[in-house]
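Heads up: the structure comes next, in structure tokens.
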2 protein chains.
Amino acid sequence: MRFAVLGTGDVGKAIGAGLVSQGHDIRVGSRSSGDGRHTFAEAALWAEVVVNATKGAASLEALRSAGAANLAGKVLIDVANPLDFSKGMPPTLFVQGDDSLGERIQREFPQARVVKTLNTMGASIMANPRRLKEEHDVFLSGNDKAAKELVAGILRAWGWKVILDLGDITTARGTEMLMPLWIRLLGTIGNADYNFHVAR
Amino acid sequence: MRFAVLGTGDVGKAIGAGLVSQGHDIRVGSRSSGDGRHTFAEAALWAEVVVNATKGAASLEALRSAGAANLAGKVLIDVANPLDFSKGMPPTLFVQGDDSLGERIQREFPQARVVKTLNTMGASIMANPRRLKEEHDVFLSGNDKAAKELVAGILRAWGWKVILDLGDITTARGTEMLMPLWIRLLGTIGNADYNFHVAR
């Protein structure tokens, strides 16, 4: 399939590499074109599936640049977290409580089929879950069942075994709120090779 | 040791039973005495260690009733979450961002040695971690190292193997923010027999 990966940071690179390894075609979208990059709008127009791998604080602006018409009807995989670094470390969240970044994106682009996932772990694990020895989990939030199934298929191809569908896009509130703990665990564990597992 | 358990709900009962099973003496504190219960102040005055197992929205009031003088110098194990049910289900948090209930308690009772723990799981697992087959974790947040060691000893006696010390009381922000996901997982999993594990 044709994937637009919006964002050129560690997350965009990890997801882009993971998609290429599964035989997908990707175009990387960024603010400006050049260096093999396309603009957000060029990448989204061309793609069948769009991945929002931009920083949370820049996501809505990037998706506006991509263009609502270029997102309409398409699966929009939202990996971003609403981290606010304006007061330094540790960051707080700029959306929380009874709203989430995933919901804001779905509200502003009602024709996009938003699936929130992969936002609860470090970039190196997203497309490479076998990097950890223990069993660990990835969550899905979204209103569109078929969109979630498509995303689950991509995740399974990468080696994900436990894919927990939490429900509609409002459940993104819970996964976005994992980040404050995830960041503190960096200090306790000393590296980013960990992820959450729901033990039974 | 002598433990005051403030709160008579499922959490207070589970922790009280767990402490009794380890040979500790407990007094249950509630708003009013009678039925083998003591007031918050009576229980706290008598105790060496105080457990806040009240509802988050009632915790500061309960601790004021217990009395700052009766908490001074004592380990105060805070198990509560700042859940706000005023808008119905799912609840939101009434403290979040750059503050937490654990910090509010520590600020208002600076002489108490607050340790936030056990607030990331269902009551039935707190003093009985072997209820789950898989490995799973409990977190500690607090400013006082000796207080955290005392709490870790209690947790180990109950069977806890992975006890993750996140750092000072500000790290309670992260664990209190797990609740919105924990509540959604009830719907996905269908019962409360689960807990978080940081997989490596």
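Here is a list: A:101, A:83. Which entry is within 26 Å of residue A:71 (Cα to Cα), more than 13 Å from chain B (Cβ to nearest Cβ), buried (at least 16 other Cβ atoms within 10 Å of the Cβ) and modelled with pLDDT of 95 or more?
Result of the check over A:101, A:83: A:101.
Could you check region B:3-14 and list, in sequence order, the residues that are closer than 19 Å to residue B:65 by Cβ and out of contact with any helix residue (DSSP H, G or I) (no Cβ under 6 Å at 6 or more places or on another chain)?
Hits for region B:3-14 are B:7, B:8, B:9, B:12.
Do we find a residue being modelled with pLDDT of 95 or more and surrounded by fewer than 19 Cβ atoms within 10 Å (Cβ to Cβ) anywhere in region A:172-183?
Among the residues of region A:172-183, at least one is modelled with pLDDT of 95 or more and surrounded by fewer than 19 Cβ atoms within 10 Å (Cβ to Cβ), which makes the answer yes.
With respect to residue B:65, determine if the residue is free of Cβ contacts under 8 Å to residues at least 24 places away in the same chain and hydroxyl-bearing (Ser, Thr, Tyr).
Criteria not met by residue B:65.
Restricting the search to region B:1-41, which residues are part of a loop (DSSP other than H, G, I, E, B) and either in contact with a Cys (Cβ under 7 Å, 6 or more places away or on another chain) or under 19 Å from residue B:72 (Cα atoms) (or both)? First the steps, then the outcome.
Filtering region B:1-41 for residues part of a loop (DSSP other than H, G, I, E, B) gives B:1, B:7-9, B:22-24, B:31-33, B:35-36.
The answer is B:1, and nothing else.
Take region B:25-38 and flag every residue that is modelled with pLDDT of 95 or more and surrounded by fewer than 18 Cβ atoms within 10 Å (Cβ to Cβ).
B:25
Has region B:68-75 got at least one residue that is aliphatic (A, V, I, L, M) and over 26 Å from residue B:139 (Cα atoms)?
yes
Checking residue A:147 against (1) part of a helix (DSSP H, G or I); (2) buried (at least 21 other Cβ atoms within 10 Å of the Cβ); (3) under 15 Å from the mean Cα position of the chain (by Cα): exactly one of these is not met. Which one?
(2)
The conditions are (1) at positive phi; (2) buried (at least 24 other Cβ atoms within 10 Å of the Cβ), and residue A:43 fails exactly one of them. Which is it?
Only one criterion in (1) at positive phi; (2) buried (at least 24 other Cβ atoms within 10 Å of the Cβ) is unmet by residue A:43, namely (1).
Aromatic (Phe, Trp, Tyr), within 14 Å of chain B (Cβ to nearest Cβ) and touching a His at 6+ places or on another chain (Cβ under 9 Å): which single residue out of A:196, A:139 fits that description?
A:196
Can you name the residue in region B:159-193 that is under 18 Å from residue A:136 (Cβ atoms) and in a loop (DSSP other than H, G, I, E, B) and is also farthest from the other protein chains (Cβ to nearest Cβ) among such residues?
Here the residue is B:161.
It is to be established whether one or more residues within region B:107-129 are over 16 Å from the mean Cα position of the chain (by Cα), at the interface with chain A (Cβ under 7 Å from one of its Cβ atoms) and at pLDDT 95 or above.
no
Just one of the numbered conditions (1) out of contact with any helix residue (DSSP H, G or I) (no Cβ under 7 Å at 6 or more places or on another chain); (2) under 27 Å from residue A:130 (Cα atoms) is not true of residue B:154; which one?
Result: residue B:154 passes all but (2).
For region B:144-159, which positions are closer than 13 Å to residue B:74 by Cα and of a type outside the set (D, E, K, R)?
B:146, B:147, B:150, B:151, listed by residue number.
This table checks each residue for (1) without any contact (Cβ under 8 Å) to a residue 12 or more places away in the chain; (2) within 25 Å of residue B:193 (Cβ to Cβ).
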position: A:145; (1), (2): yes, no
position: A:154; (1), (2): no, no
position: A:172; (1), (2): no, yes
position: A:185; (1), (2): yes, yes
position: A:188; (1), (2): yes, no
position: A:197; (1), (2): no, yes
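The values are calculated or read from the model by the stated rules, or taken from the named source; none is laboratory data. Nothing here was measured: the structure is a model prediction, and the numbers come from that model. Cβ: placed from backbone, ideal geometry, glycine included. Neighbour counts: every protein chain shown.
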